[in-house]
1. Work out the charge dipole of the protein assembly as shown with +1 on the Cβ of Lys and Arg and -1 on the Cβ of Asp and Glu about the Cα centre, then indicate which of A:242, A:273, B:219 is farthest towards its positive end.
2. Tell me, what ³J(HN,Hα) does each residue in region B:224-237 have, in order and in whole Hz, if you take phi through Karplus 6.51 cos²θ - 1.76 cosθ + 1.60 with θ = phi - 60° and put x for Gly and Pro?
3. Under 5 Å between amide hydrogens, which residues at least 5 positions from residue A:33 or on another chain qualify, with H placed 1.01 Å from N in the peptide plane?
4. For labels at residue B:206 and residue A:221 in the simple 7 Å Cα→Cβ model, what's the distance in nm?
5. Among A:36, A:156, A:195, pick out the residue whose Cα is farthest towards the positive end of the charge dipole of chain A, where Lys and Arg carry +1 and Asp and Glu carry -1 on C-beta, about the Cα centre.
6. Where the centroid of each part is defined by its Cα atoms, how far is region A:222-273 from region B:8-55 in Å?
7. Between residue A:229 and residue A:254, what length in nm is gained on full extension when 0.36 nm per residue of separation is reduced by their alpha carbon distance?
8. For chain B, set up a GNM with springs between Cα atoms under 10 Å and report which of B:130, B:91, B:61 has the largest fluctuation.
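All of the numbers you see were taken from the coordinates with simple rules; none came from a lab. Predicted, not measured: the structure shown is a model, and the values here were computed from it. Here the Cβ positions follow ideal geometry from the backbone for every residue, glycine too, while neighbour counts run over all protein chains shown.
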Amino acid sequence: MLELKLDNVSKIYGGHRAVDGIEYILSHGVYGLLGANGAGKTTLLRMICGILEVTEGRILCEGTEIRKMGAEYRRLLGYLPQNFGYYPEFTARKFLMYLAALKAIPKREAADKVEELLRLVDLEQVKDKKVKTFSGGMVRRLGIAQALLGEPEILILDEPTAGLDPKERIRFRNIISALSKNRIIILSTHIVSDVEYIADKILLMKGGKLLSAGDIEHMLSQVRGKVWECCIRPEEAEAYQANFSVSNLRNTEQGVKLRIVADDCPLTDAVPVDPDLEDVYLYYFREFDREPLS
Amino acid sequence: MVRKRQEKIWERAAGMKPDPQKKKKSLACIEEVIADKKIHNIPSPAELIHIQLQYISPVFWLLQGGMLLLLLLLLYQMARMGVELADYLWWSSIVAAWMGILANGAVGRYFSHGMAELEQSCCINLSQMWTIRMILTIGVDICILTLFSGGVAMCTNTFFGRIAVYLLVPFVLSNICCLLAVSALRGGRSRYTLMVLAVLAGLTAAAPSLFPEIYGTAYLWVWLCMLVLGIIVFAAQIKNCYGRMIRGEMICWN
C-alpha cells in the first residue's frame with residue numbers, strides 16, 4: 001500500500017510561514033483538504049508534487065524522499081494546478097497528447113487513453129476544437145482529464161471544481177469516487193460539499209497549520225453539541241449575524257430560523273442539532289466567539 | 001550417485017500428471033502479477049527531441065525561417081552591390097540580435113501560459129524540456145549564423161572565424177537580456193516586452209556600425225573578450241534559472 005509521509009513540512013517565504021510544520025501520513029483513499037483562501041493549501045500541494053522546495057522537514061514516498069526519487073516519483077503523480085493554463089492554439093486532443101508525451105506514455109497507448117478520458121469528461125465532441133474557444137468549465141474538465149493520464153497512484157487536485165456547474169460537479173465527484181481504489185487522492189477546496197460525500201478523511205488547514213484531521217464522523221463529533229437552531233424576530237437577525245457564526249438563515253412564518261455554531265447555547269430556547277461538515281468548517285474558521293445573548 | 005537419484009526423480013515425474021485445479025490457480029496468479037506489473041517507458045534523448053520538435057509553435061519556425069530568408073536576401077543583395085564588411089555586419093548584427101530574442105522568447109513560452117507548474121510535475125519535467133529547447137533553438141540559430149558568416153567571409157575575403165565572432169556577440173548579448181527579462185520579470189514573458197527588447201537589441205547591435213574602424217583587426221581582441229564574457233554570463237544565467245526552476249521559485253509566482 002502506497003504511503004506518503006509529511007514529516008514536519010514547512011515552507012517559509014521571507015519570515016512568513018506559509019506552511020508550518022505539517023505532520024501527517026497519507027495512504028490509499030480520498031483526502032479532502034479544506035481551508036480558507038491563504039491557508040497554505042496550494043503551497044502544501046505544490047510541495048507534495050515536488051514543484052516547490054520544502055524549507056523544513058521532508059516528504060517521503062514509501063520511505064524515500066521525493067526529491068531523491070525524481071522522475072520515478074513524478075511518474076506516480078497526476079496533478080491539476082489551481083491556476084491551470086493551456087497553450088491556446090492546441091486542440092483538446094493535442095493538449096492531452098502533449099501531456100501524455102511528457103508523462104512518458106507510449107504514443108499508441110496514449111492515443112487510446114486520450115480518447116477514453118475525453119469521453120469520461122464529456123469533451124469527445126469538441127476534441128478537435130482549440131482550447132482557447134472552451135468555456136471555464138470545459139477547461140477545468142480538460143484539466144481533470146490530463147490529471148488522470150497515466151493512471152497516477154497519487155492524484156492531487158487543487159480546486160478541481162472551480163468553474164464547474166452543479167451537474168459537472170456531481171459527475172466529477174462520481175469520477176473521483178470510482179477512481180479512489182488503490183490511490184491517494186488529495187482534493188483541495190474551500191467548498192465543503194465538494195468533499196463531504198467522497199472524502200474518506202478531512203484535513204483542515206488554517207494559517208499554514210493542520211488544525212484537525214480525521215474521517216467525517218470524527219470531524220462531526222468535534223462539534224456535536226455546538227450547533228444550535230433557534231427562531232428569532234426578523235429585526236434581531238442582523239445582531240445575531242454580527243455576534244455569532246451563523247451557518248444558515250431561513251425566513252419562516254414564525255420568524256427567522258437561524259443555525260448557529262457556538263460553544264455555548266446562544267439563546268435560551270435554542271436547541272442543539274446534528275452538525276454537518278459545513279458546521280465543522282465554520283466552527284474552525286469562525287472569526288469570533290461571543291458570550292451568549294440573553 | 002547424484003546422477004542416479006536425478007534419473008529416478010525424472011522417471012517418477014514422467015508418470016505424474018499436473019493437477020488441473022492447481023495449474024489453473026497458478027496460471028491465474030501469474031496473470032495477476034503480470035497485470036499488476038507496470039511497464040515504464042523511458043524516452044531516449046532522440047525521443048525527447050522529437051517530442052519537442054512536434055510541439056514547438058509553428059509561428060516560431062515561421063519567424064526563424066523569415067530570419068534565414070532575410071539573411072540570405074541581405075547576403076545576395078550586398079554581394080551584388082559589392083559593399084564593405086561593415087555594411088554586411090550592420091544589417092546582419094541586427095538580425096543576429098533578433099534571433100537571440102526569438103530563441104529565448106520561444107523558451108519563455110513555457111512560462112507565459114500558466115503551464116509551467118503542470119509541466120514541472122510531469123515525468124519529463126519543465127527543467128528537462130527547457131534544456132532541450134534551449135539547445136535546439138540556440139543550436140539552430142548558431143548554425144544559421146555560422147553558415148551566414150561563411151557566406152560573408154567568401155564575399156569579403158575575410159577570415160570566417162572573425163565574422164562569426166562579430167555576429168555571435170550581438171546574438172549572445174541579446175540572449176542574456178531576453179533571458180533576464182523572461183526569468184526575472186513577471187511581465188517579461190509577454191509579447192510586448194519581447195517586441196520592445198527586439199527594438200532595443202536591434203538598435204544596440206547596429207550601433208558599432210557607426211564606427212566602422214571597430215571592425216578592424218586591431219579591435220578583434222575586444223570582440224573576442226566580449227564573446228567569452230557573454231558566454232560565461234549566459235551560462236551562469238542558465239544555471240541560475242535551472243536552480244530557481246527546481247526550487248519552484250521561477251514557476252510558482254503566486
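1. It is B:219.
2. Karplus-based 3J(HN,Hα) across region B:224-237 equals 4, 4, 4, 5, 4, 4, x, 5, 5, 4, 5, 5, 5, 4 Hz.
3. Under 5 Å from the amide H of residue A:33 lie the amide H atoms of A:187, A:188, A:189, A:203, each far enough along the sequence or on another chain.
4. Each label point lies 7 Å from its Cα, and together they span 7.8 nm.
5. A:156
6. Spelled out, the Cα-based centre of one part sits 64 Å from the other.
7. 7.7 nm
8. It is B:61.
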